[in-house]
Amino acid sequence: MKQYNPTTPSRRHMQGYDFTQLNKTGAFKPLKKGFTRAVGRNNTGRITSFHRGGGVKRLYRGVDFKQDKLNIVGKVISVEYDPNRTSRIALLVYVDGEKRYILAPQDLKVGDKIVTAEKTEIKPGNRMKLKNIPQGTQVHNVELFPDQGGKIVRSAGSAALVLASEGGYVQLVMPSSEVRVISGESFASIGQLSNAEHNLINLGKAGRSRWLGRRPKVRGTAMNPVDHPYGGGEGRQGRGTRRPKTRHGKITGGRKTRNPKKKSNKFVLRRRNR
């Protein structure tokens, strides 16, 4: 973590990333492209996710979540910052000359060699089928269904734990503490993801939040009654309602939101701790 000198009030408690271990030459151009962010709008242009917009421009890095080059060794030639995700990414060059980005696990260094195979050595970065991964191993970038590509456990510092294997399925303890079963034919990468100190970041000032594309939020209690269930009243008021509610009057906070008819419910052995 990088600590700043208190030259201004906003700098006093600000904390940032330490980029000294990362590659300084910039992203690999053929895997870089421009893109337009949705900034909280749906396909009709309506705001469906509030308080998003603005922010600095970003170039998208094409990350290979599937890693389908089986039994071909790749060598790490750089570990880089990616503005579109919280973990670091690593650029691999395979023995056939192709270059691809992958999510970088903790302690991955330039010069390390990585391989994707049905069964291979248990070391950070290697990718293999869940049925061949020993119990107690940490994994990331896990496929929900075979040949789908990694869909879960992809954020900074996260890892799922292999709990048990039975009947062609593997039990995983998710970072949320949920226990879920996934097909043993699905691939997963070994190790915990990099940048585990991401949750210690202190933005320090409102402007830094705007750079990230996060717009200001207004408290419900500061609004008028027409705008929010908490609004109105003379001076500061309590929320005036027993259950916490959204601006639309829907009950939130403690209410179960998972659809009881969801097809994947049969794969959840234990719900997350609340």
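Go through (1) in a loop (DSSP other than H, G, I, E, B); (2) at pLDDT 90 or above for N23 and report which single condition fails.
Every condition holds for N23 apart from (2).
Taking region 52-67 as the search range and keeping residues that are in contact (Cβ under 8 Å) with a residue 60 or more places away in the chain and surrounded by fewer than 14 Cβ atoms within 10 Å (Cβ to Cβ), which one is nearest to K113 (Cα to Cα)?
Initially, region 52-67 is screened for residues in contact (Cβ under 8 Å) with a residue 60 or more places away in the chain, giving 52-56, 65-67.
Then keep just the ones that are surrounded by fewer than 14 Cβ atoms within 10 Å (Cβ to Cβ); that gives 54, 56.
Values: G54: 39, V56: 34 Å.
Per the criteria, the residue is V56.
Between a first residue in region 246-274 that is closer than 20 Å to T48 by Cβ and a second residue that is in a helix (DSSP H, G or I) and of a type outside the set (D, E), which pairs have beta carbons less than 7 Å apart while being 6 or more apart in sequence or on different chains?
Close Cβ pairs satisfying both conditions: R247/G220.
Of all residues in region 125-148, count the ones that are more than 17 Å from V181 (Cβ to Cβ), surrounded by 15 or more Cβ atoms within 10 Å (Cβ to Cβ) and not hydrophobic (A, V, I, L, M, F, W, C).
Residues in region 125-148 being more than 17 Å from V181 (Cβ to Cβ), surrounded by 15 or more Cβ atoms within 10 Å (Cβ to Cβ) and not hydrophobic (A, V, I, L, M, F, W, C): 6 in total.
The values are calculated or read from the model by the stated rules, or taken from the named source; none is laboratory data. Please read all numbers here as calculations on a predicted model, not as lab measurements. Neighbour counts are summed over all protein chains in view; Cβ atoms, including those assigned to glycine, are modelled from backbone coordinates with ideal geometry.
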